[in-house]
Amino acid sequence: MAYDIDMIKKVYDQMADRVTKAREVVGRPLTLAEKILYSHLWDGEATTAYERAKDYVEFSPDRIACQDATAQMALLQFMQAGKKKVAVPTTVHCDHLIQAKMGAAIDLQSANKSSSEVFDFLESVSNKYGIGFWKPGAGIIHQVVLENYAFPGGMMIGTDSHTVNAGGLGMVAIGVGGADAVDVMAGMPWELKFPKLIGVKLTGKLSGWTAPKDVILKVAGILTVKGGTGAIIEYFGEGARSMSCTGKGTICNMGAEVGATTSTFGYDESMERYLKATNREDVAEAANAVKEHLTGDDEVYTNPETYFDEVIEINLSELKPHLNGPFTPDLATPISEMGEKAKENDWPINVDWGLIGSCTNSSYEDLTRAASIAQQAVNKKIKSKSDFGINPGSEQIRYTAERDGLLKIFEDLDATVFTNACGPCIGQWDRSDRKGEEKNTIVHSFNRNFSKRADGNPNTHAFVGSPEMVAAIAISGRLDFDPTRDKLINEDGEEVMLDEPQGIELPTKGFAVEDAGYIAPKEDGSDVEVKVAEDSERLQLLTPFEPWDGENLMGAKLLIKAWGKCTTDHISMAGPWLRYRGHLDNISNNCLIGAINAFNKKSNFVKSQITGEYDGVPAVQREYKKEGIPTVVVGDHNYGEGSSREHAAMEPRHLGVKVVLVKSFARIHETNLKKQGMLGLTFKNEEDYDLIQEDDTFNFIDLAEFAPDKDLTIEIVHADGSKDTIKAEHTYNLPQIEWYKHGSALNLIKKENAA
Ligand code: SF4
């Protein structure tokens, strides 16, 4: 479980020189994000000033974290790289594959039974290659990382988009696809386009019903789901310093919902308190010794407009509690306006469930604030109108919350305490109260609320709020309930109001845990055997993708023209499909089944140009593959937003799709496509999307001259024989073109290892 204090000290030892050098090279004061980026350059000290949003830069991350759903494919890929041990400290966390249904005890037992093959695989690969293993029930990756591994000024990558949570402890922590993690595990640099910088100045102080969650709900409303794309969000100001470390974690966590590369905060006393409370006095001391490098330069925060690409200012004293949703996390509504807005939009007013916890909001402070509301319901004899579910973020937080009587308060309201795992946040929720596709409303303190995300029902309207607000709304049972204004009727028929929530930042008796759930790897794992059964449904060893033949791609057929939002959930759905994350062929049966076909507005219903018949996307694509016909997927804006799962790139690749041509990409997905040897292109003129027709054939007439910064020309042949010629842009640099040539980045790594 031990964090690597020597590694942390090494980072700090070189930080002063690297920051000074970077300041010299860049020729101006530096933001915190720049200090961390420039002190983690693969080549050591800075020799050049990088241009934001343009230059690709190689970095040297300090740590890697993987969750069980993405780790399967990452480790299957790493096994192919021919290495004995991972090159940097790495951990695997079993949290996504545990279904929430009856409560922790029963659910964990049944997950251990139903997913034993996968957990055993992950444990044995971890043991063999020097990876720390957190077993099922130990907690959610990001909470466990914050409690054990995150450190101010560090750089981490993780195979989950909410890796960004560690920004709460002053890291630059970035969600990546498994293929990126494999590079770093194999001792290679990690490449990223130097991000833009958004500064968020927080003034004032939170009070009453307003929580750190409301800061990010507000930011999401301002920036929208695309507004942070390609940028690091850096929070600063007295308001930032006044918040707890875990509150900062919540804000950084949901930076993923605005598409930000990551978010971070400068080192301050709240972080020192958190490090000490989680038994990392030595990390706090080491950080204190270099603290001037663990925050942005004074001048940067005095004149932020000069140094950031965009600046947002929020006065915490004036900020109101919000609920965001449904179906998108950027639809921000102040609680006071929800009643009107719900009526206008015909959102169901009655709330069925209030869900508290997840990696976003299960700190001690969160639980105490929500419990202070739940306790009032008990004391004031208010019967909760909605069901309650609690997902503790880690065994340490669960154990401590139980010891301090917090869980008992929720249980007195008949809450179900689920396993310390993702559960309803990732569709792993066997909901007993509603089956089918009934329209209904839930509120939760998680981060995402895309359609079908929680329970697979496209008509579940999920709203995101702070844990205390979720508790209040669940108790009232109404979406339009505003606890600052509205009264409730208790069991004696009296009108009562809920008082403002009260929280405790860190447990006064300290954190405690009996079995945190960590299994250390063997020092020498060379004799550990990793087993994958040939007939396994869930795990499949990989075969390398075919390299590019160097020819122009001709005669490619349109597989689907996706309309509107097409997230990685639409491309490779979660929920029941999570069980196939380690089996590429089986999981490919969910390929693009959530994407909406622009020609009929239906999901998983596309025309086969071979038969002229309509069928599901995977079935039609498998026919094209059988006939050796290449295909193209066309998409709208921000294609592939959402998560870092490389399955969304590997599945189409495995099934024979050659090109994804869209109006714009989400960053991680674009990189994932490149890693898997796919062509990810964007329309030079967005309006050309409208030219694409259902029976189109694509000829890529100058692909043979594929080169950086050179547009590609595509001839589109329509069913009536007419043609359009369009230009497509790409962001491939020379090394990425090598990935394309070799069929995948992994093929290239293997070749270089063998040399
Ligand atoms: Fe798990 Fe949800 Fe957090 Fe993802 S966002 S790690 S699914 S709790």
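The numbers here are math on the coordinates, done by the rules we state, and not lab data. Nothing here was measured: the structure is a model prediction, and the numbers come from that model. Cβ atoms come from the backbone with ideal geometry, glycine included; neighbour counts cover every protein chain shown.
When the C-alpha atoms of segment 5-315 are aligned to their principal axes, what extent does each axis show, in angstrom, from largest down?
57, 48, 38
For Asp433 and Asn345, what does the FRET efficiency come to when R0 = 30 Å and r is the distance between their Cβ atoms, rounded to the nearest 0.05?
So the FRET efficiency works out to roughly 0.80.
Mind checking which lysines have their C-alpha under 20 Å from Lys381, skipping anything on the same chain fewer than 8 residues away?
Lys408, Lys487
List the residues whose amide H sits under 5 Å from the amide H of Val662, counting only those 5 or more places along or on another chain, with H placed 1.01 Å from N in the peptide plane.
For Val662, the qualifying residues are Gly635, Leu681, Thr682, Phe683.
How much FRET efficiency would the formula 1/(1 + (r/R0)^6) give for Ile489 and Glu285, where r is the Cβ-Cβ distance and R0 is 51 Å, rounded to 0.05?
0.40
Using DSSP to call loops (not H, G, I, E or B), can you name the GluC sites (Glu not before Pro) in segment 587-664 whose Cβ has at most 13 other Cβ atoms within 10 angstrom?
Glu613, Glu627
Between Asp55 and Asp535, how many nm apart are label points set 7 Å from Cα along the C-beta direction?
Here the modelled spin labels are 5.7 nm apart.
Ranking Cys422, Cys245 by Cβ neighbours within 10 Å, fewest first, what do you get?
Result, fewest neighbours first: Cys245, Cys422.
Quick one: in the chain, what % of C-alpha pairs are over 52 Å apart?
8
Quote to one decimal, in nm, the extra length available between Glu337 and Glu687 on full extension: 0.36 nm per residue of separation minus the C-alpha distance between them.
122.3 nm
Can you pull the one-decimal nm distance between simple spin-label points at Asp17 and Thr203, each 7 Å off the Cα toward Cβ?
4.2
How many percent of the alpha carbon pairs in segment 322-496 exceed a separation of 26 Å?
It works out to 23 percent of all Cα pairs.
Report the calculated FRET efficiency for Ala719 and Ile519 (r = Cβ-Cβ distance, R0 = 41 Å), to the nearest 0.05.
The calculated FRET efficiency here is 0.10.
Which entries in the list Lys113/Lys522; Lys193/Lys710; Lys135/Lys750 go over 20 Å, if you measure between the two C-alpha atoms of each?
Beyond 20 Å: Lys113/Lys522; Lys135/Lys750.
Using Cα pairs under 8 angstrom and six or more residues apart, how large is the relative contact order of the chain, in percent?
It comes to 14 percent, rounded to a whole number.
How much length is gained if the chain between Lys84 and Ala754 is pulled fully straight, taking 0.36 nm per residue apart and subtracting their Cα-Cα distance, in nm to one decimal?
Gain in length upon complete extension: 239.8 nm.
If you average the C-alpha positions of segment 310-365 and of segment 519-582 separately, how far apart do those two centres end up, in angstrom?
Between the Cα centre of segment 310-365 and that of segment 519-582, the gap is 35 Å.
May I ask which of Lys35/Lys213; Lys663/Lys727; Lys452/Lys625 have a Cα-Cα span longer than 18 Å here?
Going by Cα-Cα distance, Lys35/Lys213; Lys452/Lys625 fall outside the 18 Å limit.
Return Asp13, Asp330 ranked ascending by Cβ neighbour count within 10 Å, so the fewest neighbours appear first.
Asp13, Asp330
What percent of all Cα-Cα pairs in segment 1-99 falls in each 10 Å bin, counting up from 0?
13, 34, 28, 20, 4, 0
Among His718, His142, His730, His570, which comes first, then next, by fewest other beta-carbon atoms within 10 Å?
Final ranking by Cβ density, sparse to dense: His718, His730, His570, His142.
Can you give the Rg to Rh ratio for segment 556-754, taking only C-alpha atoms and Rh from Kirkwood?
0.94
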